[in-house]
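Colleague: Take this structure first; my questions come after.
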Amino acid sequence: MADGVEFDLGQLSSQQQEALQQYTDVTGQEIKDAVPLLERSQWNVQIAIAKFFDGDGPDLVAEAQAAQDNPPPAAARYENLHESFLDADDDRPRRTRSPRTEAAPRVVPQQPVSIRPRGLLSILLTPFSTTWSLTRGVLGVFGRIISFFFAFLPASFRPRYLGTTIRGLGQAHGRTATLPQEAARRFRREFEEAYGTHGLVFFEGGHAQALDTAKRDLKFFLMVLISPEHDDTDSFIRNTLLSPDVVSYISDPSNNIILWGGNVADPEAHQVANEYSCLKYPFSCLVCLTPKEGSTRMGIVKRLVGPMTPAAYLSGLQDAITKYSPDLNGVRAERAAQEHARNLRNEQDSAYERSLARDRERARQKREAEAAAAAAEKRALEEAERAARQEELRRQWRNWRATTVAPEPDTKDAVRLALNMPASAGGGRVIRRFASDTTLEELYAFVECYGLLQEGPLNEKAAEPEGYEHKYGFQIASVLPRETFHPSKTITIGQKMGRGGSLVVEDLIDEDEEE
């Protein structure tokens with residue numbers, strides 16, 4: 001996969017995609033860099049994360065394949081002195097391999113588990129513990145002697161762990177193992193008690209946490225290891241480390257330095273000294289991300305060992321930081337561009353989601369409006385059908401009721417009524433005689449069916465519709481005095497009007513129509 005080319009996640013299986021998701025969630029590394037590292041780790045997430053934080057070393061398989069495909073040229077043979085001079089005068093450019101920094105180990109302190117015997121067993125083991133204490137003391141002295149001689153050897157001939165391991169076997173540390181945060185707080189407290197107030201800000205955490213922070217934030221990691229047993233420790237701290245120029249440079253935020261200190265009497269600092277092949281004290285080491293040697297590789301860019309003047313110490317730090325700052329600035333710019341692109345994508349996705357939500361809301365409102373309109377149309381249709389059925393039943397009832405209206409009597413005891421008809425019934429004044437025992441309901445029926453009675457012959461076969469209860473849309477009342485007569489089937493006209501009277505028929509107005 002070439003740099004700058006987006007990786008197609010569809011090429012990965014579901015297990016590989018899940019491993020990639022877990023790895024990027026922990027490390028925050030870009031996919032184009034994460035996939036090759038996972039492939040070299042056989043898609044083992046734990047191994048890949050360990051490589052990321054410990055610094056991914058060279059791919060041995062790839063280098064072996066490259067060496068097989070491109071074998072190194074054979075060594076030049078000089079047949080005579082003349083050929084050697086000709087080769088010396090050759091001005092053709094030769095490929096030089098850039099020096100590779102030493103990888104910076106990520107030290108995670110191991111918490112020792114000790115089981116102390118009790119009672120009779122402790123008494124029986126006392127000779128063995130005494131012998132081991134003496135042996136450890138001898139090994140400590142022997143280790144210091146070996147470390148002293150190793151300090152004069154070239155770096156390529158120094159055994160990395162022999163002297164420090166032997167000395168470590170004989171060192172009792174004098175302190176019990178604690179959490180890295182507690183050890184850091186104890187170091188800072190003891191440092192301030194011994195040297196007073198100072199301007200240095202030590203990292204409040206373990207070595208691994210400080211290294212991870214420097215890798216994540218693209219800063220320089222400066223570790224300082226001191227040994228209380230060393231004679232130059234006090235003068236180095238007072239005259240060099242706490243000199244105003246050094247303190248000002250280390251504390252300057254623009255230099256991006258994370259300072260971590262450790263006392264080799266502590267188990268964690270002692271383990272760090274072993275991992276970094278510390279053979280002489282005071283020991284300072286500058287570490288940073290080396291992107292040219294690996295996208296996640298932390299390398300040792302400067303070692304400052306032994307007592308030195310403030311100018312020499314500061315010059316060593318400045319030279320290393322000046323050399324590697326452009327690489328870190330390039331990574332910062334790349335990360336800033338990636339972050340900007342990521343934020344832009346997030347904003348675009350957010351805008352798309354908001355637009356999609358608005359479209360969904362409009363579609364929902366449209367569906368609800370259409371559903372409401374359909375429901376209203378359905379209700380209107382049902383009401384129209386119901387009104388039509390009601391009107392048809394009313395018409396059938398009027399046809400039937402007209403056949404039941406008693407004819408006008410021609411007797412002396414008949415009640416003569418004058419009815420003022422409403423405008424809906426054609427208006428006018430109707431004068432008619434009714435039998436005195438005619439009920440008020442029959443009077444209402446006469447008014448309801450008056451139009452049919454006037455039109456002509458009635459349909460004698462008309463029947464009363466089943467289940468229909470007729471409601472009159474008018475009322476009959478007397479003028480003087482004002483009295484409203486309801487359609488009663490028990491009260492007669494003779495009881496209310498006597499021999500006659502003048503009545504008015506008034507239409508009833510529906511509440512909805514009145515509103």
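The values are calculated or read from the model by the stated rules, or taken from the named source; none is laboratory data. All of these numbers come straight from a predicted model, not from anything done at the bench. Quick reminder, even Gly has a Cβ in these numbers, built from the backbone with ideal geometry, and neighbours come from all protein chains shown. Each accessible area value is taken on the protein alone, full model and side chains, heavy atoms only, with ligands, DNA and RNA left out. Shrake-Rupley method; radii C 1.70, N 1.55, O 1.52, S 1.80 Å.
Colleague: Within the bounds of region 250-269, is there any residue that is of a type in the set (Ser, Thr, Tyr) and either touching a residue at least 60 places away in the same chain (Cβ under 8 Å) or open to solvent by less than 20 Å² (accessible area, probe 1.4 Å) (or both)?
Modeller: no
Colleague: Could you go through region 32-40 and let me know if any residue there is open to solvent by 80 Å² or more (accessible area, probe 1.4 Å), in a helix (DSSP H, G or I) and modelled with pLDDT of 85 or more.
Modeller: yes
Colleague: Given (1) outside the structural domain of Thr233 (by the TED database); (2) over 33 Å from the mean Cα position of the chain (by Cα), where does Ala341 come up short, assuming only one miss?
Modeller: (2)
Condition check ((1) assigned to a loop (DSSP other than H, G, I, E, B); (2) at pLDDT 90 or above; (3) buried (at least 16 other Cβ atoms within 10 Å of the Cβ); (4) out of contact with any Asp or Glu (no Cβ under 9 Å at 6 or more places or on another chain)) across all residues:
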{"position": "Ser424", "(1), (2), (3), (4)": "no, no, no, no"}
{"position": "Phe446", "(1), (2), (3), (4)": "no, yes, yes, yes"}
{"position": "Gln454", "(1), (2), (3), (4)": "no, no, no, yes"}
{"position": "Lys461", "(1), (2), (3), (4)": "yes, no, no, yes"}
{"position": "Glu469", "(1), (2), (3), (4)": "yes, no, no, yes"}
{"position": "Ile476", "(1), (2), (3), (4)": "no, yes, yes, no"}
{"position": "Leu480", "(1), (2), (3), (4)": "yes, no, no, yes"}
{"position": "Thr484", "(1), (2), (3), (4)": "no, yes, no, no"}
{"position": "Pro487", "(1), (2), (3), (4)": "yes, yes, yes, no"}
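Colleague: A further question on this structure: From the list Lys292, Lys280, which residue is surrounded by fewer than 17 Cβ atoms within 10 Å (Cβ to Cβ), closer than 24 Å to Ser254 by Cβ and more than 25 Å from the chain's Cα centre (by Cα)?
Modeller: Result: Lys292 is the single residue among Lys292, Lys280 that is surrounded by fewer than 17 Cβ atoms within 10 Å (Cβ to Cβ), closer than 24 Å to Ser254 by Cβ and more than 25 Å from the chain's Cα centre (by Cα).
Colleague: What's the number of the condition Glu408 fails, among (1) outside any strand (DSSP E or B); (2) under 27 Å from Ala388 (Cα atoms); (3) among the acidic types (Asp, Glu)?
Modeller: (2)
Colleague: Given the structure, is Glu275 charged (D, E, K, R), modelled with pLDDT of 90 or more, buried (at least 20 other Cβ atoms within 10 Å of the Cβ) and more than 15 Å from Ala214 (Cβ to Cβ)?
Modeller: No, not satisfied.
Colleague: Let me ask something additional. In this structure, does Ala387 turn out to be without any contact (Cβ under 8 Å) to a residue 24 or more places away in the chain, of a type in the set (A, V, I, L, M, F, W, C), assigned to a helix (DSSP H, G or I) and within 23 Å of Gln475 (Cβ to Cβ)?
Modeller: Taking the combined requirement at face value, the residue satisfies it.
Colleague: Got at least one residue in region 177-191 being touching a helix residue (DSSP H, G or I) at 6+ places or on another chain (Cβ under 7 Å), at pLDDT below 90, open to solvent by 10 Å² or more (accessible area, probe 1.4 Å) and not hydrophobic (A, V, I, L, M, F, W, C)?
Modeller: Within region 177-191, one or more residues are touching a helix residue (DSSP H, G or I) at 6+ places or on another chain (Cβ under 7 Å), at pLDDT below 90, open to solvent by 10 Å² or more (accessible area, probe 1.4 Å) and not hydrophobic (A, V, I, L, M, F, W, C).
Colleague: Considering each of Ala373, Ala341 in turn, give the residue that is without any contact (Cβ under 8 Å) to a residue 12 or more places away in the chain, assigned to a helix (DSSP H, G or I) and open to solvent by 40 Å² or more (accessible area, probe 1.4 Å).
Modeller: Of Ala373, Ala341, the one residue that is without any contact (Cβ under 8 Å) to a residue 12 or more places away in the chain, assigned to a helix (DSSP H, G or I) and open to solvent by 40 Å² or more (accessible area, probe 1.4 Å) is Ala373.
Colleague: Another question, then. For region 298-321, what are the residues that are open to solvent by less than 10 Å² (accessible area, probe 1.4 Å) and touching a Ser or Thr at 6+ places or on another chain (Cβ under 8 Å)?
Modeller: Correct list: Met298, Gly299, Tyr313.
Colleague: Give all pairs with beta carbons closer than 9 Å in which a residue from region 474-489 that is on the phi < 0 side of the Ramachandran plot meets a residue that is exposed (fewer than 11 other Cβ atoms within 10 Å of the Cβ) and among the hydroxyl-bearing types (Ser, Thr, Tyr); count only pairs at least 6 apart in sequence or on separate chains.
Modeller: Phe474/Ser424; Gln475/Thr484; Ile476/Thr484; Ala477/Thr484; Ser478/Thr484
Colleague: Would you point out which residue out of Glu383, Glu361, Glu377 is within 27 Å of Asp507 (Cβ to Cβ), under 60 Å from the mean Cα position of the chain (by Cα) and outside the structural domain of Phe474 (by the TED database)?
Modeller: Glu383
Colleague: Go through (1) without any contact (Cβ under 8 Å) to a residue 60 or more places away in the chain; (2) out of contact with any helix residue (DSSP H, G or I) (no Cβ under 8 Å at 6 or more places or on another chain); (3) part of a loop (DSSP other than H, G, I, E, B) for Gly205 and report which single condition fails.
Modeller: Going through the list (1) without any contact (Cβ under 8 Å) to a residue 60 or more places away in the chain; (2) out of contact with any helix residue (DSSP H, G or I) (no Cβ under 8 Å at 6 or more places or on another chain); (3) part of a loop (DSSP other than H, G, I, E, B), Gly205 breaks only (2).
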